[in-house]
Amino acid sequence: MTLTWVATVWFWDGLAEKFTEFNKGRWLHEIRPNRIKHKLAEGKTCFVLGGVADPDMIDQLGSCGADGFWLEGEHGPVDFDNVANLTRACDLWGVTSLARVHFNEYGSIYRMLDRGVQGLVMPHVNNRAEAEAFVRAAKFAPVGKRGMFTSRQGFNVPDYFEVANSETLLVVLIEDIAALAQLDEILKVAHVDVFFVAPSESGGFDGAHWQSRSSGCAGCLARCVANHCESGLLCRYHNRS
């Protein structure tokens, strides 16, 4: 009985000490830096590997020098169930976890961030309103209206909501013919880090499947590049099939 009482007192005294340490900030941590976002801010080129949907594969490729891994949730198997472990593997190697979601839906966007991804890719953005909706769902107030939750990346991070806004990478895909008519307005949307041009997709919708060098598609790409440069932005799409 006496031994049980002593153990109980020791436990609660130890717990109280830990809470005191917590209140003094000793348990606080910096948020994991977004490698791609920081390199882009320095004007550097980023190397991203795609086609990976297994944490073990990320571990095997983590030392190859990639800045991030593209986690495919539109055309691939990445979803809410498996993305957390994929992002943990990326965290171990200090590389960015960048997930493409399959549609522009408020809850799905911030839920993927809550599961631990550091960046999101939004496909088929065809106008300014769609780009703004993407930003609104992915950023906390006052920038957006992302649901208030610390996420796996935010445990014990001071000023998490503010820091998360600055560390979250947002990529908009320009891949439909309809987007070209709205390109000037789309490029005006703030807090988008990359406007990603997808010539194969645009060529497909124009009837020239995989003919990204066709005259019509080439003209569209030239316009995209020119507009991006005028906006101070440039994204090169390099994909060989």
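Would you confirm, using the coordinates I've provided, whether ILE36 is among the aliphatic types (A, V, I, L, M), out of contact with any strand residue (DSSP E or B) (no Cβ under 6 Å at 6 or more places or on another chain), closer than 25 Å to GLU132 by Cβ and touching a residue at least 12 places away in the same chain (Cβ under 8 Å)? It is false that ILE36 is among the aliphatic types (A, V, I, L, M), out of contact with any strand residue (DSSP E or B) (no Cβ under 6 Å at 6 or more places or on another chain), closer than 25 Å to GLU132 by Cβ and touching a residue at least 12 places away in the same chain (Cβ under 8 Å). Answer with yes or no whether GLY25 is under 30 Å from HIS191 (Cβ atoms), at pLDDT 55 or above, loosely packed, with under 13 Cβ neighbours inside 10 Å and not assigned by TED's automatic domain parsing to the domain that holds PHE155. Considered against the rule, which asks whether it is under 30 Å from HIS191 (Cβ atoms), at pLDDT 55 or above, loosely packed, with under 13 Cβ neighbours inside 10 Å and not assigned by TED's automatic domain parsing to the domain that holds PHE155, GLY25 comes out as yes. Taken together, VAL163, VAL192 contain a single residue that is assigned to a helix (DSSP H, G or I), at pLDDT 65 or above and within 27 Å of ARG35 (Cβ to Cβ), which is VAL163. Residue count for segment 39-59 satisfying the condition of being surrounded by fewer than 16 Cβ atoms within 10 Å (Cβ to Cβ), more than 11 Å from VAL95 (Cα to Cα) and not charged (D, E, K, R): 6.
Which residue is farthest from the chain's Cα centre (by Cα), if the candidates are limited to segment 88-145 and must be of a type in the set (Gly, Ala, Ser) and over 22 Å from PRO33 (Cα atoms)? Per the stated criteria, the residue is ALA129.
Just one of GLY76, GLY14, GLY62 is at pLDDT 90 or above, of a type in the set (Gly, Ala, Ser) and either exposed (fewer than 13 other Cβ atoms within 10 Å of the Cβ) or in a loop (DSSP other than H, G, I, E, B) (or both); which is it? Of GLY76, GLY14, GLY62, the one residue that is at pLDDT 90 or above, of a type in the set (Gly, Ala, Ser) and either exposed (fewer than 13 other Cβ atoms within 10 Å of the Cβ) or in a loop (DSSP other than H, G, I, E, B) (or both) is GLY76. Report yes if some residue within segment 92-99 is in contact (Cβ under 8 Å) with a residue 60 or more places away in the chain and within 28 Å of LYS188 (Cβ to Cβ); otherwise report no. Scanning segment 92-99 turns up at least one residue that is in contact (Cβ under 8 Å) with a residue 60 or more places away in the chain and within 28 Å of LYS188 (Cβ to Cβ). For segment 99-153, give me each residue that is buried (at least 21 other Cβ atoms within 10 Å of the Cβ) and charged (D, E, K, R). Residues satisfying the conditions are ARG100, ARG115, LYS139, ARG146.
The values are calculated or read from the model by the stated rules, or taken from the named source; none is laboratory data. In this text the structure is predicted, and so the values were computed from the model without any measurement. Cβ: placed from backbone, ideal geometry, glycine included. Neighbour counts: every protein chain shown.
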